[in-house]
Amino acid sequence: MEMPNGSQKNVMELFRLDGRVALVTGGSKGLGRSIAQALAEAGADVAVVSRTLADCRKAANEIAEQSGRRAAAFAVDVNKSDDLKKAAAEIEASLGPVDILVNNAGINIRGPIDELSESDFEAVMATNVTAPFLCSKIFGPKMVERGWGRVINLGSIMSAVSLPGRAPYAASKAAIMGLTRTLALEWATKGVTVNAICPGPFATEMNKQLLNDPAKYKDFVSKIPMGRWGELSEIAGAALFLASDAAAFVTGSALFVDGGWTAQ
């Protein structure tokens, strides 16, 4: 592939992340764990962040052993700016400046609106929207200063569609797309891209209650044109693409990884 300066770069090299530092919130389990593993396998050093240090350490140790890259664990409440600022300094001291931010941490509280409390709604919005805003505010400007960066927000199929009983979650994931597009425009000329991955149903801890209910599981599968839930490993390629130079001209976009759900 010919670069603007006339040099040639093999297309596979565009996906390498050697010399980059990635931070994945909610990186100890589920989709975050798969994303952190993928970025490390592509050459990045990885900061695994969640509220539980033991889970982070376990994931970081496994990632380092399997990828040969540096991986470090950090217990952080991503809803609190003071915690994030402290963690930012610790991550930079341990691994270096963050080049790739994956805002993956999220929660879901289900129920009809008449049964949901105000605190239920606020809790989902805090983790799913405020935390990505705070992380982007803390790490994004430093990427701008260095002239290269990637912010990847975890949206959802519910960034575009919805289901009954999902008011807090659907509202939060629609908001994430607004945040994604706005930051993409603010940093479009600064070498920093901002995109969203929008997964469909994956077999994660968040969806455990659906996986364990045969009727609900069957109902969900019936909505997926591919006829199955996503495997955790199937999020990896989308994350690597958006984190790499292969996606240098992609910003403000949403990549749906949903087995065709939103194509209907």
The range 130-157, residues that are surrounded by 15 or more Cβ atoms within 10 Å (Cβ to Cβ), not β-branched (Val, Ile, Thr) and not in a helix (DSSP H, G or I): TRP148, GLY149, ARG150, ASN153, LEU154, GLY155, SER156
For VAL250, work out the one condition from (1) part of a loop (DSSP other than H, G, I, E, B); (2) surrounded by fewer than 13 Cβ atoms within 10 Å (Cβ to Cβ) it doesn't fulfil. (2)
Looking at this structure, is ASP245 free of Cβ contacts under 8 Å to residues at least 60 places away in the same chain and either surrounded by 13 or more Cβ atoms within 10 Å (Cβ to Cβ) or charged (D, E, K, R) (or both)? no
Taking the range 70-109, which residues are surrounded by fewer than 19 Cβ atoms within 10 Å (Cβ to Cβ), hydrophobic (A, V, I, L, M, F, W, C) and closer than 19 Å to LYS58 by Cβ? ALA75
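Rundown of residues vs (1) outside any helix (DSSP H, G or I); (2) without any contact (Cβ under 8 Å) to a residue 24 or more places away in the chain; (3) within 17 Å of ILE107 (Cβ to Cβ), yes/no style:
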position: GLY165; (1), (2), (3): yes, no, yes
position: PRO168; (1), (2), (3): no, no, yes
position: ALA174; (1), (2), (3): no, yes, yes
position: GLY178; (1), (2), (3): no, yes, no
position: ARG181; (1), (2), (3): no, no, no
position: THR193; (1), (2), (3): yes, no, no
position: LEU210; (1), (2), (3): no, yes, yes
position: TYR217; (1), (2), (3): no, yes, no
position: VAL221; (1), (2), (3): no, yes, no
Under the condition of being at pLDDT below 95 and not in a loop (DSSP other than H, G, I, E, B), which residue from the range 224-240 is farthest from LEU14 (Cα to Cα)? GLY230
Residues of the range 151-168 satisfying the condition of being closer than 20 Å to GLY27 by Cβ and of a type outside the set (Gly, Ala, Ser): VAL151, ILE152, ASN153, LEU154
Of all residues in the range 111-129 being in a helix (DSSP H, G or I) and among the hydroxyl-bearing types (Ser, Thr, Tyr), which is nearest to VAL194 (Cα to Cα)? THR127
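Residues of the range 98-107 being out of contact with any Lys or Arg (no Cβ under 6 Å at 6 or more places or on another chain) and either assigned to a loop (DSSP other than H, G, I, E, B) or of a type in the set (A, V, I, L, M) (or both), which ones?
Residues of the range 98-107 that are out of contact with any Lys or Arg (no Cβ under 6 Å at 6 or more places or on another chain), as a first pass: 98, 101-107.
Residues satisfying the conditions are VAL98, LEU101, VAL102, ASN104, ALA105, GLY106, ILE107.
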Checking ASN195 against (1) under 20 Å from MET125 (Cα atoms); (2) surrounded by fewer than 16 Cβ atoms within 10 Å (Cβ to Cβ); (3) of a type outside the set (A, V, I, L, M); (4) under 14 Å from the mean Cα position of the chain (by Cα), which single condition isn't satisfied? (2)
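Restricting to the range 90-112, count the residues that are of a type in the set (A, V, I, L, M), within 24 Å of LEU154 (Cα to Cα) and out of contact with any strand residue (DSSP E or B) (no Cβ under 7 Å at 6 or more places or on another chain).
Of the residues in the range 90-112, 2 are of a type in the set (A, V, I, L, M), within 24 Å of LEU154 (Cα to Cα) and out of contact with any strand residue (DSSP E or B) (no Cβ under 7 Å at 6 or more places or on another chain).
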The range 41-61, residues that are assigned to a strand (DSSP E or B) and over 11 Å from SER28 (Cβ atoms): ASP45, VAL46, ALA47
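For (1) free of Cβ contacts under 8 Å to residues at least 12 places away in the same chain; (2) of a type outside the set (Phe, Trp, Tyr); (3) in a helix (DSSP H, G or I); (4) closer than 24 Å to THR180 by Cα, each residue gets a yes or a no:
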site: LEU39; (1), (2), (3), (4): no, yes, yes, yes
site: ALA73; (1), (2), (3), (4): no, yes, no, no
site: VAL78; (1), (2), (3), (4): no, yes, no, yes
site: ASP83; (1), (2), (3), (4): yes, yes, yes, yes
site: LYS86; (1), (2), (3), (4): yes, yes, yes, no
site: GLU90; (1), (2), (3), (4): no, yes, yes, no
site: ALA93; (1), (2), (3), (4): yes, yes, yes, no
site: GLY96; (1), (2), (3), (4): no, yes, no, no
site: ILE109; (1), (2), (3), (4): no, yes, no, yes
Of the residues in the range 166-182, how many are among the basic types (Lys, Arg) and touching a helix residue (DSSP H, G or I) at 6+ places or on another chain (Cβ under 7 Å)? 2
Every listed condition ((1) at pLDDT 95 or above; (2) over 29 Å from MET177 (Cβ atoms); (3) surrounded by fewer than 20 Cβ atoms within 10 Å (Cβ to Cβ)) holds for SER67 save (3)
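The values are calculated or read from the model by the stated rules, or taken from the named source; none is laboratory data. All values derive from a computational prediction rather than experimental measurement. Cβ atoms come from the backbone with ideal geometry, glycine included; neighbour counts cover every protein chain shown.
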